[in-house]
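What follows is one structure encoded as structure tokens, with my remarks underneath.
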Amino acid sequence: MGKRFLQNKTAVITVLIVLLVALIGIFAPVIAPNDPYETNIINKFADYSLEYPLGTDQLGRCVLSRMIYGIRPTLGLAILTMLGTIGIGAILGIMAGYFRGIVEEVIMRVVDVMLSFPSQIMVFAVVALLGVSVQNVIIANIFIKWAWYARMIRTGVMQYRDRNFVQFSRCVGMPERFILFKHLLPSITSDLAVLASLDVGWAIINISTLSFLGLGVQAPTPEWGAMLNEAKEVLTSNPVQMIAPGIAIVALVCCFNLMGDALRDVLDPKEVKQ
Amino acid sequence: MKKRFVAAMLAGTMAFSMLAGCGTSGDTSSAGTSENSNSELVFVNYRDIRDLNPHLYAGEMYAQSMLYDTLVSITDDGYEGCLAESWEISEDGKIYTFKIREGVTFSDGEICDANAILANFNAIIANKERHTWLEMMNLLVGVSAPDDYTFVIELSEAYYPMLTELGCIRPFAMISPNCMIDGETKDGVNGYIGTGPYVLTDFVTDEYAVFERNENYWGELPAIEKITVKVIPDNQTRIMALESGEIDLIFGKNMLDADAISQYENSDKFTVALSDPTSTRHIVLNTTNDILSDVTIRQALQHATDRTAISEGIFYGLEQPADTLYSKTVPYCDIGLEPYEYDSDKASEMLEQAGWAMGKDGVRYKDGKKLELELLYNSDSVTEKTISEYLQSEYAKIGISIKIHGEEEQSYRDNMKAGNFDMVFNISWGMPYDPQSSLSGMTAPVYGDYAAQQGLEDKAEIDKAIAEVLTTTDETERQELYTFVLTRLHEDAVYIPLTYECNKALYTSDLEGVHFGTDQYDVPFADMYFE
């Protein structure tokens, strides 16, 4: 599999980019040229320069430094959301797929109910209900999105539950927990990996959207969506302000989506045979 | 893989074109109307006209002023007759006798004589509690109409701002008695019929309102025959709409930011106009808050505020830094108060003395309590958020943590009135309301002032002086009382003055006659015309 991974250029490049972005975010204090919170109101909307490589924003803060620090909430919260949704989705999906019967009925009907609402509207509703804060945005996203994963994972599990190795395990009396975690979970790992990388892309967009609308990350924390929101206020007078956060979001989300596709190619054995 | 990439690019392009379409979409029908007709004006506002009942405070004031007239009007040179042709004031200043203009009709045909005006006054007085900011309500003995064209108001004491209050856009504006419900207006009206230069002909809530010229108007007919007011809440969308010719005029204090104005300063297609300072942009500190009840903290905040930087940095000098709650040009307010100069070291020192020591996280603590305050701003205003963020970073430097919180206009006002804030943006009321009406408004829950001042030890004393100042007839005594009130409020440091706001207008250069009225909330459409 390692060889197949290296042969797939998209996979290699996208994974490298994502890792690079993550590293930049982790080492933000070392890399950022300026303090992202340091305002200098007289020097607002400055042009690109050596001191401020991407110029300054409406309060004279260094845009590049804010972009770099912004990786932390943007990517960090997205990964947190992804772990939450995949976690809940995987557990319930495996249970529904393996146990069938009443367990499946209950879980899948709940999933149907959740999926019958448009997700964005539901996120707004939950945020409105719980109040505006980062924590609630994460909760809302997890709450809305798990159902989708539960359904996908259930389908994956159903393919494996009647395979010989599972039936053998059952015959020799292995506990259910063993079958679930040692047989089924590893079998669907490749599905999970693809879903997870697609989900991060979705989560980044969603969290940025909420911040853009003023419901997510609050000022002065630098977050790409929130930065875009502030840039929107000067759309006609300083359109350049939108470029950095806008391109960054598009690029990172594209990266995750392409990575998802490429990982599926790498992990899917059928792909090689062709 | 290649195909997928192309698809992604295409999707991106589509997203961009959708964005670009936002500015103009949804309005193909009226686009360009402003070009081909020169008696139609398309105006813009950030919110709906709402309830235009002239005796209540929910509607947009510019619209109320278009539809209704008052007894007198306030001009730069003093008072002028409006629905009242002339008036006499008795020697003791208690009885006002108005001679009502003859031949004025409401736009539904009803004659506007002393009886109609009496019906209006009765409707206003029936809702007395709502008008507590008008001191004359407390002094009113009675109103009467001895004949069809004479109207008399009797007060218990002489009251110097009487004509000013009668000349304000609301509540003393006259609506047709046919619109009243059982002779009252406090629970709503069934039509918006006035005697003003325009009539409301059509409106769709949160979309637009159409005003057409009142051809039977008693005064000089305005040149603009039809005014369409569109609702565009977003600043940038408004500017794009102006650029595309969809609207002709943007007018108001919080409708344009300084960046947009400086962008059009040298444009041929569009003209920028700025009024003289109208009112003071300030922050009200809630003295009932645990932390802010200490006057030292409030004074430290004053010293920590760099007004010059706000004026220069955020407004490019369009709005001058404000030293006191009322500008020196406001009547009775040139009393030589010493401004709190910007000195962050002094501010830190004062906080230190008050027992707030710097914690490890860069925020000050006292007895385990964090020095954290919430600043509420109006998210419909184009600059308050920027100022909030600036102050947040400035105050953070001396160890005060500020949480900023924006709400749309109505809920911001509700919160302010209910006192649900630590710090809140506010403006003084401007001419002709300053200082008498806005001070009077501090003695009752009108805006946030009343709630914010509850923690002051000398609140009762201040209120008493405000009540006295309005009824005193002696000029020296009046000045003394004003000096007392303003000095107390200044020393108590309840208000952090920021800048002197001015009215701003940006309009297509074809439009002439744009100027600013004496009342900052009024838009003088009557004088505008197209070249």
- request: State whether one or more residues within region B:171-193 are in contact with a His (Cβ under 6 Å, 6 or more places away or on another chain), hydroxyl-bearing (Ser, Thr, Tyr) and at pLDDT below 95.
  value: yes
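For the structure I just gave you, tell me whether B:Ile250 is more than 27 Å from B:Ala114 (Cα to Cα) and part of a loop (DSSP other than H, G, I, E, B). Working first, answer last.
Working: more than 27 Å from B:Ala114 (Cα to Cα): yes; part of a loop (DSSP other than H, G, I, E, B): no.
Here the answer is no, as B:Ile250 does not meet what is asked.
Could you grab me the full set of residues in region B:146-173 that are of a type in the set (A, V, I, L, M, F, W, C), within 14 Å of B:Leu83 (Cα to Cα) and not in a loop (DSSP other than H, G, I, E, B)? So that I can check it myself, show each step before the final result.
Filtering region B:146-173 for residues of a type in the set (A, V, I, L, M, F, W, C) gives B:151-153, B:155, B:158, B:162-163, B:166, B:168-169, B:172-173.
Still in the running and within 14 Å of B:Leu83 (Cα to Cα): B:151-152, B:163, B:166, B:168-169, B:172-173.
Scanning region B:146-173 gives B:Phe151, B:Val152, B:Leu163, B:Leu166, B:Ala173.
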query: In region B:244-266, which residues are without any contact (Cβ under 8 Å) to a residue 60 or more places away in the chain, within 12 Å of another protein chain (Cβ to nearest Cβ) and farther than 20 Å from B:Thr386 by Cα?
result: B:Glu265
field: Selected residue [over 15 Å from B:Leu498 (Cβ atoms) and not polar (S, T, N, Q)] from B:Ala258, B:Ala273, B:Ala304
entry: B:Ala273
- request: Considering each residue of region A:16-45, count those that are under 30 Å from A:Ala262 (Cα atoms) and of a type in the set (Phe, Trp, Tyr), and give that number.
  value: 1
task: Specify the residue that is nearest to A:Gln218 (Cα to Cα); the eligible residues are those in region A:133-176 that are of a type in the set (Ser, Thr, Tyr) and more than 26 Å from the chain's Cα centre (by Cα).
output: A:Tyr160
message: With the requirement that a residue be assigned to a helix (DSSP H, G or I) and within 14 Å of chain A (Cβ to nearest Cβ), what does region B:402-411 give you?
response: B:Ser411
field: Test: B:Ile387 is farther than 19 Å from B:Ser311 by Cα and of a type in the set (A, V, I, L, M)
entry: no
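Listed here are the residues, each with its yes/no results for (1) hydrophobic (A, V, I, L, M, F, W, C); (2) buried (at least 17 other Cβ atoms within 10 Å of the Cβ).
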{"position": "B:Leu155", "(1), (2)": "yes, yes"}
{"position": "B:Leu166", "(1), (2)": "yes, yes"}
{"position": "B:Asp182", "(1), (2)": "no, no"}
{"position": "B:Gly188", "(1), (2)": "no, no"}
{"position": "B:Thr195", "(1), (2)": "no, yes"}
{"position": "B:Asn214", "(1), (2)": "no, yes"}
{"position": "B:Val229", "(1), (2)": "yes, yes"}
query: Among the helices (runs of 4 or more DSSP H) contained in region A:165-274, which hold 1 or more residues that are under 23 Å from B:Thr386 (Cβ atoms) and either more than 14 Å from chain B (Cβ to nearest Cβ) or modelled with pLDDT under 85 (or both)?
result: A:189-212, A:224-232, A:243-267
Condition check for B:Thr280: in a helix (DSSP H, G or I) and in contact with a strand residue (DSSP E or B) (Cβ under 6 Å, 6 or more places away or on another chain): no
query: Given the residues B:Glu338, B:Glu374, B:Glu352, which is the only one that is in a strand (DSSP E or B), in the same structural domain as B:His282 (by TED's automatic domain parsing), more than 20 Å from the chain's Cα centre (by Cα) and surrounded by fewer than 17 Cβ atoms within 10 Å (Cβ to Cβ)?
result: B:Glu374
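When you go through B:Thr483, B:Thr518, B:Thr487 one by one, which is the residue that is modelled with pLDDT under 90 and either assigned to a loop (DSSP other than H, G, I, E, B) or in the same structural domain as B:Glu384 (by TED's automatic domain parsing) (or both)?
Working: B:Thr483 fails: modelled with pLDDT under 90; B:Thr487 fails: modelled with pLDDT under 90.
Exactly one residue qualifies, and that residue is B:Thr518.
Condition check: over 29 Å from B:Lys253 (Cα atoms) and polar (S, T, N, Q). Does B:Ser65 satisfy that? Can you show your working first?
Working: over 29 Å from B:Lys253 (Cα atoms): no; polar (S, T, N, Q): yes.
It is false that B:Ser65 is over 29 Å from B:Lys253 (Cα atoms) and polar (S, T, N, Q).
Being under 30 Å from B:Tyr326 (Cβ atoms), touching a Phe, Trp or Tyr at 6+ places or on another chain (Cβ under 6 Å) and either outside the structural domain of B:Ser379 (by TED's automatic domain parsing) or surrounded by 22 or more Cβ atoms within 10 Å (Cβ to Cβ) (or both) narrows it down to one residue among B:Ser279, B:Ser262; which is it? Before you say what the answer is, go through the steps one by one.
On the way: B:Ser279 fails: touching a Phe, Trp or Tyr at 6+ places or on another chain (Cβ under 6 Å).
When all the criteria are applied, what remains is B:Ser262.
The values are calculated or read from the model by the stated rules, or taken from the named source; none is laboratory data. Here the structure is a predicted model, which means the values were calculated and not measured. Backbone-built Cβ (ideal geometry, glycine too); neighbour counts: all protein chains shown.
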